[in-house]
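To start, the structure itself, in structure tokens.
The values are calculated or read from the model by the stated rules, or taken from the named source; none is laboratory data. These numbers were taken from a predicted model, which means no experiment stands behind them. Please note: Cβ atoms are built from the backbone with ideal geometry, for glycine as well, and neighbour counts cover all protein chains shown. Just so you know, the surface numbers come from the protein's heavy atoms only, side chains and all, with ligands and any DNA or RNA stripped out. Shrake-Rupley method; radii C 1.70, N 1.55, O 1.52, S 1.80 Å.
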Amino acid sequence: MRVWRWLFAAWMLGWASGCASLPANDKQTPSTAFTQHERTALGQLAQARRSQAGARSDSGFFLLDSVDNALASRIALVDGATRALDLQYYAIHADASTEVLLQKIRDAARRGVRVRILLDDFNSVGEDAQVLRLAFEPNVEVRLFNPLAGPRNNMLGRIITSLHDVGRMQKRMHNKLFIADNAWGITGGRNLGDRYFGSGDKQNFVDLDVLAAGRAVRDMSASFDRFWNDKLAYPVQTLLDEDDLETLRKWEPPAAPARGAASEPPKPVLPVTVSPTVLPSVSPAEAAQAERPPLDLRTIPLVWAPATLLVDEPGKIAPGDDEVNAGDTVIDGLLALMQQAEREVLIISPYFVPGERMMAVYEQLRKRGVRIRVLTNSLASNDAPAAHAGYARYRKALLEMGVELHEMRSDPETAAELLGSSRGNGTRHRWFGSGPGGSKGDAAQARASLHSKAVVIDQRGAIIGSMNLDLRSQLKNSEVALLIRGPAMAQVVTRRVEHTLTTGAYRVENRGGDLYWRAPAGASFGDEKADPGASTRLKLMVRLLGPFAPDEML
């Protein structure tokens with residue numbers, strides 16, 4: 001009954017605001033990236049690193065394959081910025097690791113750095129809406145991309161109030177960029193939040209980013225500017241104010257009284273104590289525990305190589321525009337690159353729902369003798385069971401054409417073995433571990449979930465970005481990726497992935513019409529005859545969802 005009453009309250013909120021509409025976006029002031037990057041300390045460092053390497057290519061790269069380096073690199077960019085910080089994300093969660101970054105960003109703004117944050121609006125609800133408090137700091141501007149009208153109390157209420165405009169709700173800005181002084185930048189699979197930096201209490205994402213220096217960053221900034229100045233980018237102040245955020249902070253779902261008990265009068269709202277943190281939900285002690293020293297940009301090994309930024313245009317997700325021209329998207333460009341493969345394509349995609357067009361490409365490659373290896377999530381490790389339902393319907397067809405499928409194991413002990421820990425042993429090469437926070441639960445017991453998005457072609461080029469190999473990335477979301485040419489980065493990515501394949505992933509096989517999950521040789525876990533680690537209820541749910549969910553919605 002408590003659940004149904006909560007659902008009814010959410011429905012009432014949705015009914016009350018179902019006719020809400022967005023305000024006119026007429027207060028948007030255009031701005032562009034800082035152009036004199038060579039006059040900043042970060043710009044001069046990038047040029048010095050290139051000169052020291054004697055590199056012909058004007059872009060340098062460092063793979064961020066550990067949670068420590070992923071957070072420490074962002075801290076280094078914020079600490080080193082003197083003129084501009086530009087952040088573009090699908091989701092920024094209100095937790096300890098985010099608090100560390102937001103405090104440093106606030107400090108940067110107070111020392112004169114211009115800060116622009118562009119955030120997709122879908123997840124800015126409930127506690128995560130408190131991230132928007134930064135918009136009311138001097139020298140900081142925050143815009144919400146493709147916003148949804150209606151309440152921000154909780155995700156369920158947001159979805160209910162958006163059912164009249166499902167098309168708009170489905171089209172999201174999935175890009176991830178973190179740029180400092182137009183000189184150094186980060187792109188890849190990670191959003192901002194504890195789960196992306198190894199300190200989630202129930203789940204931690206195995207993810208990849210790449211740190212870039214030099215010309216490639218100018219391309220990243222140009223892409224950021226196109227989205228920032230698009231008509232779908234709404235300044236936060238046109239959608240809500242500080243009082244709205246305070247109201248959201250105090251709101252709680254209505255609790256049902258005990259059976260037979262009289263309803264209690266509402267409790268008075270107590271005065272809010274001013275917090276030294278940006279996020280009210282994070283204590284100073286939690287933020288201190290999540291702190292990390294910055295990555296040393298002077299000494300990290302950089303791969304200098306030609307690179308191309310693959311990026312969708314903002315118009316891809318314009319409301320009402322349901323047609324995407326073939327060949328115009330990041331995924332279409334990626335498929336075109338795959339079709340040039342001569343020997344092997346290695347795919348890392350958490351959500352792998354190919355659809356007919358992608359299946360046709362894979363079939364053509366296999367007919368030419370090109371080896372295709374795929375690492376994706378198992379049902380147990382997948383944080384989106386509906387996406388797994390879409391993938392499952394293609395599994396046997398992929399195996400029949402000779403595609404090698406590997407599914408990541410979710411168990412915490414496997415994650416610990418795979419990704420290790422950087423505390424106490426001096427190493428910083430890990431994908432997962434105790435992480436920076438640990439305040440909301442035991443991160444060592446959290447399950448692992450694949451979130452890396454990358455493709456390696458013939459060991460001659462690596463593509464690392466925000467995209468999944470699915471129809472949602474192809475048709476609905478905007479995406480961004482870096483194509484880094486040459487064998488150096490391709491080999492680094494391949495070594496990381498192959499370590500996972502040989503220690504923490506099952507090889508899926510078709511044995512007489514039945515699927516079989518084979519453990520790697522010498523693994524501490526055994527083979528399985530059904531989706532490994534998944535509960536009966538989860539398996540049943542996926543079977544029920546499978547026949548009805550359209551591929552492009554997963």
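Quick check on segment 201-233: of everything there that is in contact with a strand residue (DSSP E or B) (Cβ under 9 Å, 6 or more places away or on another chain) and among the acidic types (D, E), which residue is farthest from S66 (Cα to Cα)?
D230
For segment 183-235, enumerate the residues that are small (G, A, S) and part of a strand (DSSP E or B).
Residues satisfying the conditions are G185, G188, A212, A213, G214, A233.
Of all residues in segment 500-545, which are out of contact with any helix residue (DSSP H, G or I) (no Cβ under 7 Å at 6 or more places or on another chain) and in a helix (DSSP H, G or I)?
Once the filter is applied, which keeps residues that are out of contact with any helix residue (DSSP H, G or I) (no Cβ under 7 Å at 6 or more places or on another chain) and in a helix (DSSP H, G or I), segment 500-545 yields L501, T502, T536, R537, K539, L540, R543, L544.
Within segment 33-60, count every residue that is surrounded by 14 or more Cβ atoms within 10 Å (Cβ to Cβ) and either in a loop (DSSP other than H, G, I, E, B) or β-branched (V, I, T) (or both).
Of the residues in that region, 6 qualify.
(1) surrounded by fewer than 23 Cβ atoms within 10 Å (Cβ to Cβ); (2) over 19 Å from A290 (Cβ atoms); (3) more than 15 Å from the chain's Cα centre (by Cα): which one isn't true of L144, the others all being true?
Of the numbered conditions (1) surrounded by fewer than 23 Cβ atoms within 10 Å (Cβ to Cβ); (2) over 19 Å from A290 (Cβ atoms); (3) more than 15 Å from the chain's Cα centre (by Cα), the odd one out for L144 is (1).
Would you check if K529 is closer than 29 Å to Q339 by Cα and either touching a residue at least 60 places away in the same chain (Cβ under 8 Å) or surrounded by fewer than 23 Cβ atoms within 10 Å (Cβ to Cβ) (or both)?
Criteria not met by K529.
Table: residues versus (1) surrounded by fewer than 22 Cβ atoms within 10 Å (Cβ to Cβ); (2) out of contact with any helix residue (DSSP H, G or I) (no Cβ under 6 Å at 6 or more places or on another chain); (3) over 30 Å from V67 (Cα atoms); (4) touching a residue at least 24 places away in the same chain (Cβ under 8 Å).
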| site | (1), (2), (3), (4) |
| --- | --- |
| P294 | yes, no, no, yes |
| L335 | yes, no, no, yes |
| P354 | no, yes, no, yes |
| R366 | yes, yes, yes, yes |
| V370 | yes, yes, yes, yes |
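Have a look at A481, A488 and point out the one that is part of a strand (DSSP E or B) and either closer than 19 Å to Y351 by Cα or in contact (Cβ under 8 Å) with a residue 40 or more places away in the chain (or both).
Just one listed residue meets the conditions, A481.
Just the residues that are touching an Asp or Glu at 6+ places or on another chain (Cβ under 8 Å) and open to solvent by 10 Å² or more (accessible area, probe 1.4 Å), please, taken from segment 452-476.
Residues satisfying the conditions are I457, Q459, L471, R472, L475, K476.
So which residues in segment 193-227 are touching a Phe, Trp or Tyr at 6+ places or on another chain (Cβ under 9 Å), within 18 Å of A180 (Cβ to Cβ) and of a type outside the set (A, V, I, L, M, F, W, C)?
Within segment 193-227, D209, G214, S221 qualify.
Could you identify the single residue in L63, L87, L101, L119 that is part of a helix (DSSP H, G or I) and either open to solvent by less than 10 Å² (accessible area, probe 1.4 Å) or farther than 24 Å from L239 by Cα (or both)?
L101
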